[in-house]
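J.: Before anything else, here's the structure in question.
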Amino acid sequence: MADLFPAQPVPPLAPYDTSGVEAAFDSVLDAVLVVDDGGVVVYANRAAERLFGYPQPELTGAPVEILVPEPFRGPHADHRRHYAAGPTSRPMGVGPPLTAVRRDGAVFPLEISLAPMPTADGSFTTVVARDLSARSAEDTRRDAELRAALDRRALERELLASDHRFRVAFEQAPIGMALVDARPGRERTILRANATLAEMLGVPADELKGRLARDFVRRDPGDQQVDRERVESGDLDQLVLDDVRLRRPDGGQRWATVTSSVVRDADGDPDYLVTQVVDVTRRNQAEVAAAERNARDSRIARVLQASLVPYVPRRVGPVRAASRYRPAGHGEVVGGDWSDVLSLPDGRIGVVVGDVAGHGIESAATMTRLRTAVRMLATSGVSPAGVMRRLNDLMHETDMVSDIDLATLVYAQLDPGTDTLRYCSAGHLPLLLLAAEPDDMDGTPRRAVSPVPAVGGPPIGVIPEWRYSEQAVTLEPGGTLIGFTDGLIERRGEDLDMSLLQLLDGLSALPASVSGDVELLADAVLDLSPGVGAEDDIAVIVLGYAPDREAVDDLARVGGSGRPTGGLIDLIDLAEIAVRPPDRWA
């Protein structure tokens, strides 16, 4: 082991002879070809035979273009001649994946590395090819083959029999290569390293000899000791370390995949390690950059969503309100779902729930414009059906429809003076009513729930000049109104009607102590969503109706005159705040 490659004069080389490297290359897991400057394959290892489907005798002596798909053979020959004029090493992973063709005509992706190999016989190129079509399965298979191939006696004969060509291949390999002392009681010192490894570690190759391997690999000392004991006990013949950070004297950042195979002596004790180091720095840097971009985009989206989701006051006249919003589960935070509560002329109260199709910035922008339009129309005294008609006209008259195909919406006006809820739905899911008085037939008070019939028309933005209709129902004092978007119940592959029935069953099962509190009820409604696998945003609005008749009459008078009287300053503040733009909420 003192000198695996003793210096000696190199005799003139006979015509190209692969006997010295054949055994060594046959133990390599990747396909290896040696091609002369005329593009003829002069050597192919066993892995190449398996990868391309040609027997070694048939592949040797054939033009390398037989491995190139037919449409690319002409250009490949031109590229090969250009490369021969100025050959350079090309490490694996540089450039896009290429394609090759097997003997049976199957085309598959692969990546290659190239290393020029000048000899006395002429210039040759060593090509290392790796199949990308089934990397995980192939890696597992290769690991098993490597353990079987690295028989101590065979590898020792192959290393001792390696001639000048093997030394050239070792030194000019496009991946880092090293031999490391593994004898019991000895430190893991580097016996030999090639130029590629020296460049990775930032240390000249001649200075690496005799250095401790642990000086260049960031690993827990305890893990290193465990691996050493397993190697010496014969329990471990190969060690693979993924994404290892290399130590460089200049402090530079390098990551690599390190594979070490144990070579044992005649007594079965570890002798040395054959170590391969593949630089994965570019891949890791790309992954880190992508993760940073995603994190930045997510932060921007959260801030944007927070600015777009309208503030819903907790109380407007005789109505207590609670709203909830949950973004879609696929990673985007910005969406087109919203809910709102408005104080309207003559003491009426408006409630809106909307859902713009799609996700992302476009949907959020359309939602903002629709929300603003609803506020302007509603506070101007326009009826629910009139609001829908005007919104539908806006979708077709402006560029909103070119960005977003449609939006569903339900808008309702509550008149506390008559307990009347007048509403219009544009293709939206129905509002839900919880009865004012709980039913305690089973000993636990619960409130009955029923959907409000969906009356109105199709989603806005679908049919131009559609004339929407509206309907009125009675909202009993003490009753509760629930509005939501389809993300609450919609799941791919599931029937929407069945999902709605499941929601109704879940609401009916809630105890009155929960359904009677708008905040608790809003949380419970959101919890009734299946949650996992949600592909759409969810917006929920809950209104608890508890009118004080005297206050309602005062609010109606204030709404008509626009001036506070007596002790109604709190009601006036709520009425004024409810119509402020979102960026002016106190």
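J.: For the stretch 247-271, what are the residues that are free of Cβ contacts under 8 Å to residues at least 60 places away in the same chain and in contact with a Phe, Trp or Tyr (Cβ under 6 Å, 6 or more places away or on another chain)?
T.: Residue satisfying the conditions is R247 alone.
J.: Quick check on my filter: what residues within the stretch 436-458 are farther than 13 Å from V473 by Cα and part of a loop (DSSP other than H, G, I, E, B)?
T.: A436, E437, P438, D440, M441, D442, G443, T444, P445, R447, A448, P458 - these are the residues of the stretch 436-458 that are farther than 13 Å from V473 by Cα and part of a loop (DSSP other than H, G, I, E, B).
J.: Going by the conditions given, is I541 part of a strand (DSSP E or B), in the same structural domain as Q413 (by TED's automatic domain parsing) and among the hydrophobic types (A, V, I, L, M, F, W, C)?
T.: Answer is yes for this residue.
J.: Still on this structure: Given the conditions (1) farther than 19 Å from S425 by Cα; (2) in contact with a strand residue (DSSP E or B) (Cβ under 9 Å, 6 or more places away or on another chain); (3) modelled with pLDDT of 85 or more, and given that G350 satisfies all but one, which numbered condition is not satisfied?
T.: Every listed condition holds for G350 apart from (1).
J.: Return the residues of the stretch 359-402 that are surrounded by fewer than 16 Cβ atoms within 10 Å (Cβ to Cβ), modelled with pLDDT under 85 and charged (D, E, K, R); say none if nothing qualifies.
T.: Within the stretch 359-402, E397, D399 qualify.
J.: While we're here: With E158, E187, E199 as the choices, which residue is at pLDDT 85 or above and more than 23 Å from D250 (Cα to Cα)?
T.: E187
J.: One residue is enough: does the stretch 464-472 have a residue meeting the conditions among the basic types (K, R) and either touching a Pro at 6+ places or on another chain (Cβ under 8 Å) or not in a loop (DSSP other than H, G, I, E, B) (or both)?
T.: no
J.: Considering only the stretch 48-145, give the strands (runs of 3 or more DSSP E) lying wholly within it that have at least 2 residues that are among the aliphatic types (A, V, I, L, M) and modelled with pLDDT under 90.
T.: Per the criteria, 107-119.
J.: Restricting to the stretch 93-125, name every residue that is closer than 19 Å to G53 by Cα and in contact with a helix residue (DSSP H, G or I) (Cβ under 7 Å, 6 or more places away or on another chain).
T.: Once the filter is applied, which keeps residues that are closer than 19 Å to G53 by Cα and in contact with a helix residue (DSSP H, G or I) (Cβ under 7 Å, 6 or more places away or on another chain), the stretch 93-125 yields A100, V101, R102, R103.
J.: Mind listing just one residue for me: the one in the stretch 488-501 that is surrounded by 14 or more Cβ atoms within 10 Å (Cβ to Cβ) and of a type outside the set (K, R) and, of those, nearest to G336 (Cα to Cα)?
T.: So the residue we want is L488.
J.: Now, a different point. Go through A556, A551, A512, A454 for me and flag whichever is at pLDDT below 90, surrounded by fewer than 19 Cβ atoms within 10 Å (Cβ to Cβ), aliphatic (A, V, I, L, M) and touching a helix residue (DSSP H, G or I) at 6+ places or on another chain (Cβ under 6 Å).
T.: The match here is A556.
J.: Let me ask something additional. Which fully enclosed strands (runs of 3 or more DSSP E) of the stretch 185-297 have 2 or more residues being of a type in the set (K, R) and assigned by TED's automatic domain parsing to the domain that holds V28?
T.: Where strands (runs of 3 or more DSSP E) fall fully within the stretch 185-297, none carries at least 2 residues being of a type in the set (K, R) and assigned by TED's automatic domain parsing to the domain that holds V28.
The values are calculated or read from the model by the stated rules, or taken from the named source; none is laboratory data. Please read these numbers as outputs of a predicted model, since none were measured by experiment. For neighbour counting, all protein chains shown are included, and Cβ atoms are generated from backbone atoms with ideal geometry for every residue, glycine included.
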